[in-house]
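Please treat every number below as a calculation from the coordinates, not as lab data. Since the model is a prediction, treat every value here as computed from it, not as a measurement. Positions of Cβ are generated from backbone atoms using ideal geometry, with glycine treated the same way; all protein chains shown enter the neighbour counts.
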Amino acid sequence: MNWEIVIGLEIHAQMSTKSKLMCNCDASFTSEANTHICPICTGQPGMLPVINKQVVESAMMIGLATKCNIRKLNEFARKNYFYPDLPKGYQISQYDKPICENGSLEIDVNGVKRTIGITRIHMEEDAGKLVHAGSDNIKDASYSLADLNRSSVPLCEIVSEPDLRSAEEATAYAQKIRQIVRYLGVCDGNMEEGSLRCDANISVRPKGQTTLGTKTEVKNLNSFKAIEKAINIEVERQIDILEEGGEIVQETRHYNEATNSTKSMRSKEDAHDYRYFPDPDLVPLLIDDAWIKKVQDALPELPEEKKNRYMNSLSLSEYDANVITVEKETVAFFEETISFGAKPKDTVNWIMSEVLGTLNQKGIELSQTKLTPKLLAELLILIDKNTISGKIAKTILPQIIETGENAEKIVAEKGLAQVSDQGEIKKIVEAVINENAKVIEDIKGGNPKAMGFLVGQIMKRSAGKANPGIVNELLNELLS
Amino acid sequence: MTIDKKTVEHLAKLSRLRFSDNELVSFTKSLDDIFQYANSLQKVNTDGISPSAHAIPLQNVFKEDEVITYKDIDKLLDNCADVENHCFKVPRILTN
Amino acid sequence: MNDILKLTAIEISKKYQTKELSCSEVTKAFLDRISATNTELNSFVSISEKTALETAKIVDEKIAKSQRLALLEGVPIAIKDNMCTSGVATTCSSKMLANFVPSYDATVIEKIRNNNMPILGKTNMDEFAMGSSTETSFFGSTKNPWNTNTVPGGSSGGSAVAISALQAPLALGSDTGGSIRQPASFCGIVGMKPTYGVVSRYGLIAFASSLDQIGPFSKNIDDSAALLSVISGYDHKDSTSQPNIDTDFTKISSQKEIKIGLPKEFFANLDPKVKELYQDTISILSKEGIIFEETELPSLEQGISTYYIVAPAEASSNLARFDGVRYGYRNQEAKSLVDMMELSRSEGFGAEVKRRILIGTYVLSSGYYDAYYKKAQQVRTIMKNDFQKAFSKYDLLLSPTTPTPPFSFGEKSNPLEMYMNDIMTIPANLAGIPALSMPFGKSNNLPMGIHLMGNLLEDQKLFSIAKKIEQILGFNIQNPYWEK
């Protein structure tokens, strides 16, 4: 049978605010257990929550960037359940009145563009962390330790419509969400540290059927690779069951990256009934048009807008505009580099291939090098002015990255400036012609490759410094 | 809408309480009495009435996003029955 | 008996300024009275003699230097044991919190400390403030000084007894459905529940967050108004705190004509003796020019049903944090997490607390939310509207505080019967309006309180009219225990 895959993603993005959602504790990550806690986030008796205004604005920003409607009258609700990482015995979340609804974003998989609906975005507080002692596995642990540093750290949960039709689309969607929240500066997008977490609702149905199949929710997708692999393996599992005449059980499944398999998380202990009700300790949140406008006006330029602008006013190709806008840091570096006079197209090429290539080899980030946009611009301008060749530029880039010295200084010190003196170059050209009589014959016989060889010989003899334009000019003149 | 023993057992599970048989009987009886009485609410016409979660309507109460470090963390931990490595220690979560 | 004990808080304040009394002398007198009477009355669960006398010393230094004292500065006070006191056990009279020592002060405690009011100790209460008799306390019940076979009311029974037995000139209680006003009525003193949000709830161990409010107990209206002035005010740590309120409640406003509504819905449930006393009182007050009119607030009939859905719903969630993990009682034998939580909660909470948790869990659970919780919140809206209509016509609404005179220990063993005692007091919590109980008569030598409800944020007007009624009635609050 021909099966259609139906996927919806729930992404939890940790807001990178200074303080927590309901108290003033430091919201940043620390490995020292229970050092970012206070009476409020540990649920001490008599303590009361107060909403962090920045979290509301961050949620509005994500909503506006994904074309959501912003709800005017918002409410926080309590989600009641017992667990040792949940100090109050309830999580403060939003229930039937989420701050953002009915949005969408566009994804592009191998040139095919699709619009994916966003059902809702809501604010909630995170739970603490449990360390299971005696084993990495909760099942074999003899006891557990609760660290509440993460308790009440702000999250936005972004829920997509079941619009995704393949693991690739799901991955592209997740990448897009990560790109947007990073551009907005509301989340650092670090999946390894758990700042961005993803659950996938997966079902399959025969092609052409309009009703949805029974879904499973797959948790623990901690990287884009995991999202793709987990969806593929779960889809395969579901299709196998259905083709053998079985039925899918609606349940939560845990993805194990090591074994590349999903496993049921069912537990007979659980009686699920979260008993949501409006939190009486918090008052409603009223968002008026003026507030929405203020947040809208302060939104930074988003990847999609930047891409279009680069294509229209910087004449970048769609490919170049795409690659340079993927990462927020790269695009900032690019914009600053061209602000110093470097040409956009050259800048894209240099950043994407030479700069990131060199950094990759060294295993470091753009932010960790001594290379500044100004230094890169100076280097590119030297090429542009024919002071050095591109080849020379490539050889000195690692030194700039290492030392932060400017290109002009390195070129002067090492005597790498391009030679454009006609007389000097002519001597070399003549000498090379004399030594390669056979090659000259080939050229005259109509073999263009041979010309390249000659140029190479000349460049080599000039230690790469001869101006290639003049070399070509002289060669043509002397051989004609 | 009367309350039976099974309902009370379910409620006990949801609220992490455990009862003896006698307690179960007694709570079932008192809850049933209470809800027999409270069912008078169903007579009230509440069509189109919005629910009040608060006594007095207030809106938009926020705190600014600033870090204030709490200095008495050790005193918080002193109230815990079992502390290990500066963490709240709990018995094994899953049993076989 | 030391005559200092009979003084009102304001009289004590005056005698500090004139140097007739020292704060240490006054504090010592009350501490002595507590140690002489607490074994019998059991109104205090802990006594803080040392810190009280330390605070008194600071005040005496100011008096010696003839420095001006703030309102009620240096007047000793008793605190209900559900308000967090840093470094001092705060138990809610529960086994669950018997050894819990907060590392923080409630906002009201901070205000009391900043005003150098010696804290004499923490008072007994119904466990987690759930009850109307102080019989559900883990530390044993508190006795009513008017008759020690009689309950003092509850849940703030210890604080009410502290005033009526002359163990403290002032006390704080909390009121979720009448827990200040009903014990004030049973003990023959003044107890007041302010408008919701006038006093910060930060550090008050929650019972039902949308109903809980801290308020004063005292011998008379002036003292309560003064104490509310000290403890009230906007608090950014409590999202439900009222902004922009005038916190001087001692200003007496006089008005030419006072019009008071008498809700018909309350008459049906009155004990005959209470009814007689009540009608006599109304005729006395009418003769003094106060205008009374019968009025209808139909939703008041749903008060008990509404309250016993809303309050347990919030309580079931508020009390979920007592799971044995971070603080409070923990069963140490449990071998698994679920066992630990279930046994700790089952052994740590008393029966009434468990009953309310069950009720609350039921009304919030799926399938019942709309029929109970949502319905009750809708009726709450109707009740608020009924009150708004009534207050457009009347300055206050008046009724007895309780439908019956004080009852004996063990008399109300049926929970529903106990809940019925709150019928007059509950609506004020549901609507957030200010209300107070003041003594107006006796039945079988037991005091009875009259209940006044005012419009939202008109706490000052409530005090002003109550003061006028107090002057007319001239009730003598002295009880037989004063001679002990």
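Enter the angle in degrees (range 0 to 90, nearest 10) between the Cα long axis of helix A:468-479 and the first principal axis of the Cα atoms of chain A, meaning the one along which they spread out most.
40
Pull out a ≥ b ≥ c, the square roots of the eigenvalues of the alpha-carbon gyration tensor of chain B, then state rounded if a/c is under 1.5, prolate if not and a/b is larger than b/c, and oblate in the remaining case.
Working: a/c = 3.45, a/b = 1.26, b/c = 2.73.
Here chain B falls in the oblate category.
Explain nothing, just the number: dipole magnitude of region C:169-308 about its Cα centre with +1 on each Lys and Arg Cβ and -1 on each Asp and Glu Cβ, in debye rounded to the nearest 20.
Working: 12 positive and 18 negative charges, 43 e Å.
It comes to approximately 200 debye.
Could you give the alpha-carbon Rg of region A:422-479 over 2.2 N^0.38 Å, rounded to two decimals? Can you show the working numbers first?
Numbers: Rg = 10.4 Å, N = 58, 2.2 N^0.38 = 10.3 Å.
It is 1.01.
So how do A:Lys409, A:Lys385 line up by other beta-carbon neighbours within 10 Å, fewest first? Write out the running numbers ahead of the final one.
On the way: A:Lys409 12, A:Lys385 9.
If I rank by nearby Cβ atoms, fewest first, I get A:Lys385, A:Lys409.
About the Cα centre of chain A, how large is the charge dipole given +1 on each Lys and Arg Cβ and -1 on each Asp and Glu Cβ? Please answer in debye to the nearest 20.
Details: 57 positive and 70 negative charges, 135 e Å.
Dipole magnitude for chain A comes out near 640 debye.
Which of the listed residues, C:Pro169, C:Leu436, C:Asn414, is farthest toward the dipole's positive end in chain C, when Lys, Arg count +1 and Asp, Glu count -1 at the beta-carbon?
It is C:Pro169, whose Cα lies furthest towards the positive end.
Taking a ≥ b ≥ c as the square roots of the Cα gyration tensor eigenvalues, with a/c under 1.5 meaning rounded and otherwise prolate when a/b beats b/c, else oblate, which class fits region A:1-64? Please report the intermediate quantities before stating the final value.
Details: a/c = 2.60, a/b = 2.01, b/c = 1.29.
Here region A:1-64 falls in the prolate category.
How far apart, in nm, are two points set 7 Å out from the Cα along the Cα-to-Cβ line at A:Glu32 and at B:Asn85?
A separation of 1.7 nm, rounded to one decimal place.
Using the charge dipole of region C:218-349 (Lys, Arg: +1 at Cβ; Asp, Glu: -1 at Cβ; taken about the Cα centre), state which of C:Ala225, C:Ser344, C:Ala320 has its Cα farthest towards the positive end.
My answer, from the dipole projection, is C:Ser344.
Just add up the charged neighbours of C:Lys259: K/R +1, D/E -1, any other residue whose Cβ is under 9 Å from the Cβ of C:Lys259. Working shown, then result.
Working: positive: C:Lys393; negative: C:Glu257, C:Glu293, C:Asp395.
After counting each charged neighbour, the total is -2.
What are the radius of gyration and Dmax of region A:127-176, computed over its Cα atoms and given in Å?
17.1, 43
Give me the one-decimal nm value for the distance between modelled label points at C:Glu49 and A:Lys345, 7 Å along each residue's Cα-to-Cβ direction.
Here the answer is 9.3 nm between the modelled labels.
When only alpha-carbon atoms are used, what values of Rg and Dmax, in angstrom, describe region C:140-224?
12.2, 36
Which one, C:Met83, A:Gly111, A:Ala332, is farthest towards the positive end of the dipole of the protein assembly as shown when Lys and Arg carry +1 and Asp and Glu -1 on their Cβ?
About the Cα centre, the residue reaching furthest to the positive side is C:Met83.
So for B:His86, A:His122, A:His132, fewest C-beta neighbours within 10 Å to most, what's the order? Present the calculation step by step, with values, prior to reporting the outcome.
Working: B:His86 14, A:His122 24, A:His132 18.
The order, fewest Cβ neighbours first, is B:His86, A:His132, A:His122.
With the crude spin-label approximation of a point 7 Å out along Cα→Cβ, what separation in nm comes out for C:Thr39 versus B:His10?
Placing both labels 7 Å along Cα→Cβ, they lie 5.3 nm apart.
Would you give the gap between the C-alpha center of region A:12-42 and the C-alpha center of region A:193-211, rounded to a whole Å?
31
I'm a student and want to see the number: the projected area of the Cα convex hull of region A:114-223, averaged over all directions, in nm².
Values: hull surface 36.3 nm².
Quarter of the Cα hull surface area: 9.1 nm².
Sorting B:Asp4, A:Asp126, A:Asp442 on the 10 Å Cβ count, fewest up front, what's the list? Before the final figure, lay out each step's value.
On the way: B:Asp4 11, A:Asp126 24, A:Asp442 16.
In increasing order of surrounding Cβ atoms, one gets B:Asp4, A:Asp442, A:Asp126.
When the label point is put 7 Å from the Cα of A:Ile364 along its Cα-to-beta-carbon vector, which residues of region A:401-432 have a backbone N closer than 20 Å?
A:401-411
Distance from the Cα centre of region A:129-173 to that of region C:419-445, in angstrom?
50
Peptide C:190-200: average number of partner chain Cβ atoms within 10 Å per residue? Kindly include the intermediate steps, with their values, before the conclusion.
Working: counts 0, 0, 0, 0, 0, 2, 4, 5, 1, 0, 1.
If you average over the peptide's residues, the count of other-chain Cβ atoms is 1.
Going down the table (A:Lys79/C:Lys375; A:Lys88/A:Lys129; A:Lys20/A:Lys229; C:Lys264/C:Lys393), which pairs top 23 Å between alpha carbons? Can you show the working numbers first?
Numbers: A:Lys79/C:Lys375 20 Å; A:Lys88/A:Lys129 14 Å; A:Lys20/A:Lys229 33 Å; C:Lys264/C:Lys393 15 Å.
Cα-Cα > 23 Å for A:Lys20/A:Lys229; rest within.
What are the extents of the Cα atoms of region A:350-451 along their three principal axes, listed from largest to smallest and rounded to whole Å?
Result for region A:350-451: principal-axis Cα extents of 53, 27, 19 Å.
Across peptide A:31-43, what mean number of C-beta atoms from other chains lies inside 10 Å of a residue's C-beta?
On the way: counts 0, 1, 5, 9, 4, 4, 5, 9, 10, 4, 1, 11, 7.
Counting other chains' Cβ atoms within 10 Å and averaging over A:31-43 gives 5.
Give the span of region A:325-392's Cα atoms along each principal axis, as three whole-Å numbers ordered largest to smallest.
Extents along the principal axes, in whole Å: 31, 23, 19.
Take every Cα-Cα distance within the protein assembly as shown, group them into 10 Å bins from 0 onward, and report for each bin the whole-number percent of pairs it holds.
2, 10, 16, 19, 16, 11, 9, 7, 4, 3, 2, 1, 0, 0
Using only the Cα atoms of chain C, what semi-axes does the equivalent ellipsoid have when each is the square root of 5 times a gyration tensor eigenvalue? Give whole Å, largest first. Could the numbers behind the result be given before it?
Values: eigenvalues 188, 176, 87 Å².
One finds semi-axes of 31, 30, 21 Å for chain C.
Using only the Cα atoms of region A:1-153, build the gyration tensor, take square roots of its eigenvalues as a ≥ b ≥ c, and label the shape rounded, prolate or oblate: rounded if a/c is under 1.5, else prolate if a/b is larger than b/c, else oblate.
Numbers: a/c = 2.18, a/b = 1.40, b/c = 1.56.
Oblate.
I'd like the distance between the alpha-carbon centres of region C:326-361 and region C:93-148, rounded to an integer number of Å.
Region C:326-361 and region C:93-148 have Cα centres separated by 21 Å.
On a 0 to 90 degree scale, rounded to 10, what angle separates helix B:5-14 from the longest Cα axis of chain B?
20
For region A:234-300, count all C-alpha to C-alpha pairs, find those more than 20 Å apart, and express that count as a whole percent of the total. It would help to have the intermediate numbers written out before the result.
Values: 1428 of 2211 pairs.
Tail of the P(r) past 20 Å holds 65 percent of the pairs.
Between helix A:167-184 and chain A, what is the angle of the helix's C-alpha long axis to the longest principal axis, kept within 0 to 90° and rounded to the nearest 10?
80
Compute, for region C:438-484, the length of the dipole vector about the Cα centre, with Cβ point charges of +1 (Lys, Arg) and -1 (Asp, Glu) only. Units Debye, rounded to 20. Don't skip to the answer; put the middle values down first.
On the way: 5 positive and 4 negative charges, 19 e Å.
It works out to roughly 100 debye.
Per the Kirkwood formula on distinct C-alpha pairs, the Rh of region C:284-359 is how many angstrom?
15.8
What per residue convex hull volume, in Å³, comes out for region A:3-293 when only alpha-carbon positions are used?
Details: hull volume 43.6 nm³, N = 291.
With only Cα atoms used, region A:3-293 gives 150 Å³ per residue.
Whole number please: convex hull volume per residue, Cα atoms of region B:1-44, in Å³.
Numbers: hull volume 2.8 nm³, N = 44.
Enclosed volume per residue, from the Cα hull, is 64 Å³.
Using r as the Cβ-Cβ distance of A:Asn434 and A:Glu405, and R0 as 35 Å, what FRET efficiency do you calculate, to the nearest 0.05? Don't skip to the end; give the middle numbers.
Numbers: r = 40 Å, r/R0 = 1.14.
Using R0 = 35 Å, I get an efficiency of 0.30.
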